[in-house]
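Here the structure is laid out as structure tokens; the discussion comes afterwards.
The values are calculated or read from the model by the stated rules, or taken from the named source; none is laboratory data. Owing to the predicted nature of the structure, the values given are computational and were not obtained by experimental measurement. All Cβ positions, even for glycine, are placed from backbone atoms using ideal geometry, and neighbour counts span all protein chains on display.
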Amino acid sequence: MARSPISQFSPARWLERRLPVIVVSPLFALSLFFVYGFIAWTAYISFTPSGVMPVYDFQGLAQYERLWATPRWYVAIKNLFIFSSLFIAISMAIGILLAILLDQRVRAEGLIRTVYLYPMALSFIVTGTVWKWMLNPGLGLQRLMREAGFENFTFDWLVNSHYAIYTLVIAAVWQSSGYAMALFLAGLRSVDDEILKAAAVDGSSPWKTYTSIVLPILRPVFLSTVIILAHLAIKSFDLVVALTGGGPGYATDMPATFMYAFAFQRSELGVAAASATMMLMTIIAIIVPYLYSELRKTA
Amino acid sequence: MRARRTSGIVRPKGLRSTLMRALLFAVLGLFCLYYLVPLVVMVSTSLKTLAEIREGTLLSLPRAISFEAWAKAWDSACVGVRCDGLRPFMWNSIAMAVPAVLLSTALGAINGYALTKWRFPGADWIFALILFGAFIPFQVILLPMARTLGLLNLAGTVPGLILVHTVYGLAFTTLFFRNFFVGVSNGIVQAAQVDGAGFFGIFFRIVLPMSIPAIVVTVIWQFTQIWNDFLFGVAFTVGDSNPVTVALNNIVNTSTGVKEYNVDMAAAIIAALPTMLVYVVAGAYFVRGLSAGAVKG
């Protein structure tokens, strides 16, 4: 809304009026090139027979057929599904519980919140390192329990290909459930106090007030928390590398580590590009409708 | 003070509510333990000798405090073939994070300002298109980025990482500043225009001084993201130019020699210290960044 006084044309004024566009354009160009251009390149490579080096002959969906014929990809997809559903469900449950408890006028709330949230400031590599140490069957939790008198206590999930995926859930929940708590707490704080008072006057029990009044109001917060956690889950790469290295074997591979392995270790660019494109599609399916509704609300 | 309490749902009345309060604090305290135990284990393990680690358990405290593991993690642990500890990689991370944070924050600020206070046709679309970049899985840009860095002669260098982090941080920083500026009255900008101030004059003299909170939130968010990044570091750097997260992972997941858990833990703490420090000093801003990361301001 640049409103300048009406006057004759002058180059300086013309420039001044165009400045916002001139400033935004290079940044927009960066985004076009590094985001959309790169996505287009990756998507195109997924339609070519590229191996060690990219080639540009279009060959249709062959790489996708190879991808979906790779058992390791199914392991990655299955792991992503197990990991994200457990990670989201448990983080949400802990998050909402802690948020409700903290909302009861707790003394030292600030301190407690700080404790709940600090893991979010850590790198997933650090989180993976410490949990790897605590869960290692030799000297970690297993040893602790045995020393405490449970002679037969066994906890070898980290090296057990059937259970290793759950160690990722344990570490990821530890890191991110405080984040869910913070989002829910912000949501709870925005609920109008009058509604709560009215419910209390009506003799509604605290439990009932929460389940039938407060939580329904928080529906949008639930939605955005699920989306943020799902987004974290789909991108999870660091934690897998640090905690299990994708192993034992490739038992804890996820799409992100699968893509990395095929791109940088096995030099199968076509398959890597196809898997990256599948990841992008998944994110788009989740994020775009959400962004659309969010932006419409604020516009 | 009593009267104000009525707005809470659990109100103090009688024995039952006293018990409820006790239960409440018990649960909150248990969760505090849950979040703190790994930190305690990390610190106490890092202060033990290897012999003590083998004898004791996770929760046993060090009998004699030893800083050997810290010294080793800092300047003599082997990362790949190089045995200088984490120190050179900490410098890499600082050399990467500081310019990338400053650049992406500055560009985000001017972008957010132009997109909200000087709305031109298509501004909303441009914002939406830029914003999308904040959500893409970075796997989708790894391959072309590696090639582009190669073409620019930046492959495997710290400046290359600065470029990558600046470019992919822009979407977030623009989002933060846009959300902040939306709340700033247009009247201020219009009044300054009437006084003859231009685009940059208004930005530097009026808008920027009032956006200190937004700047702090953005800087903290970007610093945490960039410092903690692993994917770009591992994909785009080799050996000497690795950021500290990659070096830490190399120390921990090396398969040669005796496993030195105390050194691993000391290294993990060293790598985590800068972001932890920021969190402790400016936790409130960090939390604001987290909730702004949830798309809405």
Mind checking which residues of segment B:46-71 are under 25 Å from the mean Cα position of the chain (by Cα) and either aromatic (Phe, Trp, Tyr) or facing chain A (nearest Cβ under 9 Å) (or both)? B:70
Go through segment A:10-31 and count every residue that is of a type in the set (A, V, I, L, M) and within 8 Å of chain B (Cβ to nearest Cβ). 6
Helices (runs of 4 or more DSSP H) completely within segment A:61-150 that count 2 or more residues being closer than 27 Å to residue A:223 by Cβ: A:71-102, A:109-117, A:124-135
For segment B:239-250, name all the residues that are within 11 Å of another protein chain (Cβ to nearest Cβ) and surrounded by fewer than 24 Cβ atoms within 10 Å (Cβ to Cβ). B:250
Looking at (1) without any contact (Cβ under 8 Å) to a residue 40 or more places away in the chain; (2) farther than 19 Å from residue A:135 by Cβ, which one does residue A:246 not meet, given that it meets all the others? (2)
Residue check, residue A:179 under 21 Å from residue B:38 (Cβ atoms) and touching an Asp or Glu at 6+ places or on another chain (Cβ under 9 Å): no
For residues in segment B:70-87 being assigned to a helix (DSSP H, G or I) and touching a helix residue (DSSP H, G or I) at 6+ places or on another chain (Cβ under 7 Å), which is surrounded by the fewest Cβ atoms within 10 Å (Cβ to Cβ)? B:75
Scan segment B:235-265 for residues that are under 15 Å from residue A:126 (Cβ atoms) and within 18 Å of the chain's Cα centre (by Cα) and report the count. 7
Given the residues A:148, A:121, which is the only one that is more than 22 Å from residue B:251 (Cα to Cα), of a type in the set (Gly, Ala, Ser) and within 12 Å of chain B (Cβ to nearest Cβ)? A:148
Given (1) among the hydroxyl-bearing types (Ser, Thr, Tyr); (2) closer than 30 Å to residue A:277 by Cα; (3) surrounded by 18 or more Cβ atoms within 10 Å (Cβ to Cβ), residue A:166 misses just (3)
What residue, among those in segment B:108-122 that are within 19 Å of residue B:207 (Cα to Cα) and of a type in the set (Gly, Ala, Ser), is nearest to the other protein chains (Cβ to nearest Cβ)? B:114
Within the group A:40, A:69, A:2, which residue is within 13 Å of another protein chain (Cβ to nearest Cβ) and modelled with pLDDT of 85 or more? A:40
Please determine whether any residue of segment A:201-208 is over 20 Å from residue A:88 (Cα atoms), facing chain B (nearest Cβ under 7 Å) and not in a loop (DSSP other than H, G, I, E, B). yes
Just one of A:251, A:182 is out of contact with any Cys (no Cβ under 7 Å at 6 or more places or on another chain), modelled with pLDDT of 85 or more, of a type in the set (Gly, Ala, Ser) and not in a loop (DSSP other than H, G, I, E, B); which is it? A:182
From the options B:253, B:228, residue that is crowded, with 24+ Cβ neighbours inside 10 Å and within 13 Å of another protein chain (Cβ to nearest Cβ): B:228
Answer yes or no: is there a residue in segment B:106-121 that is assigned to a helix (DSSP H, G or I), surrounded by fewer than 18 Cβ atoms within 10 Å (Cβ to Cβ) and of a type outside the set (Gly, Ala, Ser). no
Return the residues of segment B:135-168 that are assigned to a loop (DSSP other than H, G, I, E, B) and free of Cβ contacts under 8 Å to residues at least 40 places away in the same chain; say none if nothing qualifies. B:135, B:136, B:137, B:152, B:153, B:154
Pairing a residue in segment A:177-199 that is in contact (Cβ under 8 Å) with a residue 60 or more places away in the chain with any residue that is surrounded by fewer than 13 Cβ atoms within 10 Å (Cβ to Cβ) and in a helix (DSSP H, G or I), where Cβ atoms lie under 8 Å and the two sit 6 or more apart in sequence or on different chains, gives none
